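The values are calculated or read from the model by the stated rules, or taken from the named source; none is laboratory data. Just so it is clear, the model here is predicted, and its values are computed rather than measured. Here Cβ is always computed from backbone atoms with ideal geometry, including for glycine, and neighbour counts include all displayed protein chains. Heads up: the accessible areas ignore ligands, DNA and RNA and are worked out on the full protein's heavy atoms, side chains in. Shrake-Rupley method; radii C 1.70, N 1.55, O 1.52, S 1.80 Å.
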Amino acid sequence: MGEMKTIVISLGGSVLVPSLESNNIAAYADMLSRLAQQFRVFVVVGGGGEARRYISAARSLAIDEATSDEIGILVTRLNATMLISALGQVAYPVVPVSHYEALEAATSGRIVIMGGVTPGQTTDAVSAVLAERAGADLLINATSVDGIYSADPKKDPNAKKLDLLSPEELLAIVQGGRMDAGANNVIDIVAAKVVQRNTIPLLVIDGKHPDNIAAALFDGIFTGTLISGDNNSVLPLK
Ligand code: UTP
């Protein structure tokens, strides 16, 4: 048997916890434990609406941006803790607070789940750097939109969904986005740059239904945007 392939999933907080009352934590726990039978899995969980609410409350207290980021990071770790707890034994029990700790946790053979690490970026950047350091075979961005568009579909009626992109094309699209605390772009610029400098393919996929991720990985069936330098036959991941 060959070595297990490694996957890093950037799981948007708004996807995992659209609201506390109707969250997707159980469905994600199910799907992730299935993936873990075949792959080495890292998950970086975002802060979602709750992080944005805290950040806007912090701003109205005149708290600086970096401190507001730190508050956002705490919310990402709170969401990570919920997912870890729902997974039980299959997950590493502690939320790593650095890439180094995440790699160390992965030696347990369990699913490693973390949140943010440092102000001035988002969990997309965390997941891209982690993918690089873990030698990942695939980075997945599970988000609340169904892929990357040529322009913001909310503002531009001519915006088209892009099925396949080169890392350079991704970077060109991402440049120009906002970068303050709580900023909400499909992918942040740090992530786009890391994706560009390494050769790890990135799949941007609608994460509202976690089975979409399983179908992409196991069956190669998906809608979304695949960013890949040299080949478009990365899925299914064998
Ligand atoms: P994210 O913006 O990564 O949350 O982190 P998210 O849930 O992925 O966003 P959606 O739901 O997919 O759109 C929330 C906030 O936490 C801070 C930033 O302020 C960010 O906006 N953060 C997160 C950091 O400062 N550093 C990190 O490493 C991660």
Review point. So for Ser68, Ser150, what's the accessible-area order with a 1.4 Å probe, most first?
Key: Ser150, Ser68
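What number, in percent, do you get for the relative contact order of the chain if the mean sequence gap of Cα pairs under 8 Å and at least 6 apart is divided by its residue count?
In percent, rounded to a whole number, it is 22.
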Review point. Considering the chain, what Rg and Dmax in Å follow from its alpha-carbon atoms?
Key: 16.6, 56
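Work out, step by step, the length gained on full extension between Ser19 and Lys160: first 0.36 nm times the residue separation, then minus their alpha carbon distance; give nm to one decimal.
47.9 nm
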Check your understanding: Roughly to the nearest percent, how much of the accessible area of the stretch 18-83 is carbon and sulfur, given a 1.4 Å probe?
Key -> 58 percent
Exercise for review: Quick one, could you list the DSSP H helices from the chain stretching 27 Å or more along their long axis (Cα atoms) with average Kyte-Doolittle hydropathy of -1.0 or above?
Suggested key: 65-87
Check your understanding: Between Lys5 and Leu74, what length comes free when the chain is fully extended (0.36 nm per residue of separation minus the Cα-Cα distance, one decimal in nm)?
Key -> 21.9 nm
Review point. Sequence-distant or interchain residues sharing an amide H contact under 5 Å with Ile148, placed H: which?
Key: Leu162, Thr225
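Order these peptides, 152-159, 166-173, 209-216, 125-132, by their mean beta-carbon neighbour count within 10 angstrom, highest first.
The peptides rank, most packed first, as 125-132, 209-216, 166-173, 152-159.
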Check your understanding: Can you give the helix-only mean residue ellipticity at 222 nm for the chain, where every DSSP H stretch with n ≥ 4 adds -39500 (n - 2.57) and the sum goes over all residues, rounded to the nearest 500 deg cm²/dmol?
Key -> -11500 deg cm²/dmol
Check your understanding: With labels modelled as points extended 7 Å from the Cα through the Cβ direction, what inter-label distance (nm, one decimal) is found for Glu169 paired with Asp219?
Key -> 2.6 nm
Point to revise | Local net charge near Leu16, Cβ-Cβ under 15 Å (Lys/Arg +1, Asp/Glu -1) | key: -3
Study note, to complete from the structure: accessible surface per residue for the chain, probe 1.4 Å, DNA/RNA/ligands not counted, whole Å² -> 48 Å²
Review point. Do any GluC sites (Glu not before Pro) in the stretch 13-89 lie in a DSSP loop with no more than 13 other beta carbon atoms within 10 Å, and if so, which?
Key: Glu21
Check your understanding: Under a Cβ-Cβ cut-off of 10 Å, what is the net charge of the residues other than Leu139 that fall near it, where Lys and Arg count +1 and Asp and Glu count -1?
Key -> -3
